[in-house]
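These notes are about the structure you will find just below.
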Amino acid sequence: QLQASGGGLVQAGGSLRLSCAASGRTFDSYTMGWFRQAPGKEREFVAAISYYGASTYYADSVKGRFTISRDNAKNTVYLQMNSLKPEDTALYYCAATTRRLTAERRTPKDYDYWGQGTQVTVSS
């Protein structure tokens, strides 16, 4: 089970940190990802991190502004979002899969478990 939190309303240029807590004792067996979905749009990949955090991938739209990290001792993955833009407004989901992280695995179908989403709203 995945529980996302940390969303909110922020002005453009501001920052937020999302957290996703996972239940269970095998957290380090999961590749973790963040996706987002704006109204009327498809769910899109944001970032992903490998089992122990050695590898990360980002969507081009967030590269250099967002940072994904994980703390396996706390069963938690984070998404630090800086320099937020109005176009970052969306419902953000964390996701998990036992599949190994690759650059190509950035579609929703590549992930098996999903959190409930946390809303991020960036005002201009």
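The values are calculated or read from the model by the stated rules, or taken from the named source; none is laboratory data. The structure presented is a predicted model; accordingly, all values stated were derived computationally and were not measured. Remember, those area values only see protein heavy atoms, side chains included, never the ligands or the DNA or RNA. Shrake-Rupley method; radii C 1.70, N 1.55, O 1.52, S 1.80 Å.
Listed values, structure above:
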| quantity | calculated |
| --- | --- |
| Total lysine pairs under 21 Å (Cα atoms) in the chain, excluding pairs fewer than 8 apart on one chain | 4 |
| Choice from G24, G53, G40 with maximal GNM fluctuation in the chain (Cα, 10 Å cutoff) | G40 |
| Carbon and sulfur %, accessible surface of region 1-72 computed with the full protein complex present, 1.4 Å | 45 percent |
| Å² of accessible area per residue within the chain, as computed with a 1.4 Å probe and no ligands counted | 52 Å² |
| Stretchable slack from D60 to K109, in nm (0.36 nm times residue separation minus alpha-carbon distance) | 15.7 nm |
| The chain, relative contact order in percent, only Cα pairs under 8 angstrom and at least six apart counted | 36 percent |
| Added length on full extension, which subtracts the Cα-Cα distance from 0.36 nm per residue, K41 to A21 | 4.6 nm |
| Y113 accessible area, 1.4 Å probe, all protein chains in place, Å² to nearest 10 | 120 Å² |
| Using θ = phi - 60° and Karplus 6.51 cos²θ - 1.76 cosθ + 1.60, couplings along region 68-73 (whole Hz; Gly, Pro as x) | 9, 8, 8, 10, 5, 5 |
| Hz values of 3J(HN,Hα) by residue in region 30-37 - Karplus curve (6.51, -1.76, 1.60), Gly and Pro given as x | 10, 6, 10, x, 10, 10, 9, 9 |
